[in-house]
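What follows is a short report on a single structure.
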Amino acid sequence: MTTICDLPEDVLVELLSLLPARDLLRSCRLVCSQWRDVVDLTTLWKRKCQREGLYAQNLDRSVTDWKIFYMLSNLKRNLIKNPCAQDNFQHWKLDKNEGDKWKIEVLPGPHGTGMPDPKVDKYFVTSYGPCFKSQLITLQKEGYWNQLMDEKRPEIVVKDWYAARFDCGCRYELTVRLLSEDYIVLQEFHPKPVVIEQWSDAMWREISYTFQNYPAGVRHIWFQHGGQDTQFWAGWYGIRVTNSSITIGPLTML
C-alpha cells in the first residue's frame, strides 16, 4: 500500500510547502525523521517564498537561511501602533505633556504642508512646554522569539517624520533604545536635537536609522519622540510628528 511517505522528495516538498509555517514546525516536523528532514530543506522554504511573492532571483546569493527569511518576511510590519493619530492617543504614553499639551491636527494644518504619503492625513503637534510621548514594544508579543533575535540579529529599522509650521521655530527630539529583559539599555539611537528656525519651508522630513550587529539579549524596543516650540507661544506651534515606524528584517545576509 502506497502512503504519503512513499512520495518522491520533490513531490513531498511541493505538498508540504502549501501548509502554514506554524503547522510545518509544530506538527509536520514531528511526524517522522523523513518529514523532519524535508521540513528543514532550503528548497521547501524557498518554494514557500516563491508562492507568496517573497522570492527574487537576485536574493539567491545573499540569503543563506530561507526559513528565517520567510519567517521574518511574514512577521514584517510596523510595530508602532497608531503612528498617524487615527486613534487619538491610544497606545502612546504621554511622558511629558506641558504647555497647552499634545494635540492632534489634520494635514496640512495651519501654516503647514502636506505629507509625501497621501494616506497620512493627521499628525501629533507639541506646544510651548516639553511634549514627549513613547511606546514600549515587547518583541516576543510581536512574534519575534528570543533565539531569532540573539542568533540572527535581524535589522531593526526606525523611521519618523517631523515638520515645523512656517511661522514659528521649534525643536524635535528622538530616542530609540534596545532593551534587555530587565530593561537595561543595550544600544541607543539618540541624535542631536533638530532645531528649526522661524520662517522655515515647513516641509516634512524623514529621519531613519538601522540597528545592526547589536548585542544579544534584545527583548524590548523603546521609542520616544517629541519637542516643543522655541518661541513659547501659547497654543500648538511646536514640532509636528507622524508616520513613525519600527520594522524588523529580514536581513538578506542571514
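How many residues, within the stretch 82-135, are β-branched (Val, Ile, Thr) and either modelled with pLDDT under 95 or buried (at least 19 other Cβ atoms within 10 Å of the Cβ) (or both)?
Of the residues in the stretch 82-135, the ones β-branched (Val, Ile, Thr) are 104, 106, 113, 120, 125-126.
Remaining after also requiring either modelled with pLDDT under 95 or buried (at least 19 other Cβ atoms within 10 Å of the Cβ) (or both): 125-126.
Residues in the stretch 82-135 being β-branched (Val, Ile, Thr) and either modelled with pLDDT under 95 or buried (at least 19 other Cβ atoms within 10 Å of the Cβ) (or both): 2 in total.
Based on this model, can you work out whether residue 78 counts as surrounded by 16 or more Cβ atoms within 10 Å (Cβ to Cβ), out of contact with any Phe, Trp or Tyr (no Cβ under 9 Å at 6 or more places or on another chain) and of a type outside the set (Gly, Ala, Ser)? Show your work before the answer.
Working: surrounded by 16 or more Cβ atoms within 10 Å (Cβ to Cβ): no; out of contact with any Phe, Trp or Tyr (no Cβ under 9 Å at 6 or more places or on another chain): yes; of a type outside the set (Gly, Ala, Ser): yes.
Taking the combined requirement at face value, the residue does not satisfy it.
Inspect the stretch 54-65 for any residue being surrounded by 13 or more Cβ atoms within 10 Å (Cβ to Cβ), aromatic (Phe, Trp, Tyr) and part of a loop (DSSP other than H, G, I, E, B) and give the result as yes or no. Full working, then the answer.
Within the stretch 54-65, the first condition is being surrounded by 13 or more Cβ atoms within 10 Å (Cβ to Cβ), and the residues that meet it are 54-55, 59, 63, 65.
The next check asks that each one be aromatic (Phe, Trp, Tyr); those that pass are 55.
Checking which are part of a loop (DSSP other than H, G, I, E, B) leaves us with 55.
Scanning the stretch 54-65, I find at least one residue that is surrounded by 13 or more Cβ atoms within 10 Å (Cβ to Cβ), aromatic (Phe, Trp, Tyr) and part of a loop (DSSP other than H, G, I, E, B), so the answer is yes.
Name every residue in the stretch 206-254 that is under 18 Å from residue 117 (Cβ atoms), out of contact with any Gly (no Cβ under 8 Å at 6 or more places or on another chain) and of a type in the set (A, V, I, L, M), in order of residue number. I'd like the intermediate steps shown before the answer.
Here is the first cut: in the stretch 206-254, the residues under 18 Å from residue 117 (Cβ atoms) are 206-208, 225, 240-247.
Right, trim to out of contact with any Gly (no Cβ under 8 Å at 6 or more places or on another chain) and you get 206-208, 225, 242-247.
Scanning the stretch 206-254 gives 207, 246.
Basic (Lys, Arg), outside the structural domain of residue 242 (by TED's automatic domain parsing), surrounded by 17 or more Cβ atoms within 10 Å (Cβ to Cβ) and touching a residue at least 24 places away in the same chain (Cβ under 8 Å): which single residue out of 51, 47 fits that description?
47
Consider residue 47 against the criteria (1) assigned to a helix (DSSP H, G or I); (2) within 30 Å of residue 133 (Cα to Cα): it satisfies all of them except one. Which criterion is unmet?
Checking residue 47 against (1) assigned to a helix (DSSP H, G or I); (2) within 30 Å of residue 133 (Cα to Cα), the one that fails is (2).
Taking only pairs six or more apart or across chains, which ones have beta-carbon atoms under 6 Å, a first residue in the stretch 197-211 that is farther than 16 Å from residue 167 by Cβ, and a second residue that is among the aliphatic types (A, V, I, L, M) and in a loop (DSSP other than H, G, I, E, B)?
Between residues of the stretch 197-211 that are farther than 16 Å from residue 167 by Cβ and residues that are among the aliphatic types (A, V, I, L, M) and in a loop (DSSP other than H, G, I, E, B), the close pairs are 204/115.
Being farther than 30 Å from residue 98 by Cβ and surrounded by 20 or more Cβ atoms within 10 Å (Cβ to Cβ) is the filter; apply it to the stretch 153-178 and report the residue that is modelled with the lowest pLDDT.
In this case the residue turns out to be 154.
Could you please let me know if residue 101 is more than 30 Å from residue 149 (Cα to Cα), touching a strand residue (DSSP E or B) at 6+ places or on another chain (Cβ under 8 Å) and charged (D, E, K, R)?
Details: more than 30 Å from residue 149 (Cα to Cα): yes; touching a strand residue (DSSP E or B) at 6+ places or on another chain (Cβ under 8 Å): yes; charged (D, E, K, R): yes.
Yes, satisfied.
Of all residues in the stretch 88-125, how many are under 22 Å from residue 166 (Cβ atoms) and basic (Lys, Arg)?
First, pick out the residues of the stretch 88-125 that are under 22 Å from residue 166 (Cβ atoms): 99-100, 102-118, 120-125.
Restricting the remaining residues to those that are basic (Lys, Arg) gives 103, 122.
Counting residues in the stretch 88-125 that are under 22 Å from residue 166 (Cβ atoms) and basic (Lys, Arg) gives 2.
Please tell me if residue 181 is touching a Lys or Arg at 6+ places or on another chain (Cβ under 6 Å), assigned by TED's automatic domain parsing to the domain that holds residue 135 and modelled with pLDDT of 95 or more. Lay out the reasoning, then the answer.
Numbers: touching a Lys or Arg at 6+ places or on another chain (Cβ under 6 Å): yes; assigned by TED's automatic domain parsing to the domain that holds residue 135: yes; modelled with pLDDT of 95 or more: yes.
Considered against the rule, which asks whether it is touching a Lys or Arg at 6+ places or on another chain (Cβ under 6 Å), assigned by TED's automatic domain parsing to the domain that holds residue 135 and modelled with pLDDT of 95 or more, residue 181 comes out as yes.
Can you list residue pairs whose Cβ atoms sit under 8 Å apart, with the first residue in the stretch 146-170 being in the same structural domain as residue 192 (by TED's automatic domain parsing) and among the hydroxyl-bearing types (Ser, Thr, Tyr) and the second being crowded, with 19+ Cβ neighbours inside 10 Å and not in a strand (DSSP E or B)? Count only pairs 6 or more apart in sequence or on different chains.
Once the first residue is in the same structural domain as residue 192 (by TED's automatic domain parsing) and among the hydroxyl-bearing types (Ser, Thr, Tyr) and sits in the stretch 146-170, its partners that are crowded, with 19+ Cβ neighbours inside 10 Å and not in a strand (DSSP E or B) give 162/204; 162/239.
Being of a type in the set (A, V, I, L, M, F, W, C) and in the same structural domain as residue 229 (by TED's automatic domain parsing) narrows it down to one of 106, 38, so name that one. Give the derivation first.
Values: 38 fails: in the same structural domain as residue 229 (by TED's automatic domain parsing).
Criteria check complete, one pass: 106.
Pull up the stretch 220-254, narrow it to residues that are at pLDDT below 95 and in contact with a helix residue (DSSP H, G or I) (Cβ under 7 Å, 6 or more places away or on another chain), then point me to the one that is surrounded by the fewest Cβ atoms within 10 Å (Cβ to Cβ).
252
The values are calculated or read from the model by the stated rules, or taken from the named source; none is laboratory data. Everything quoted here is computed from the prediction, not taken from an experiment. With ideal geometry, Cβ positions are generated from the backbone for all residues, glycine too; neighbour counts draw on all protein chains shown.
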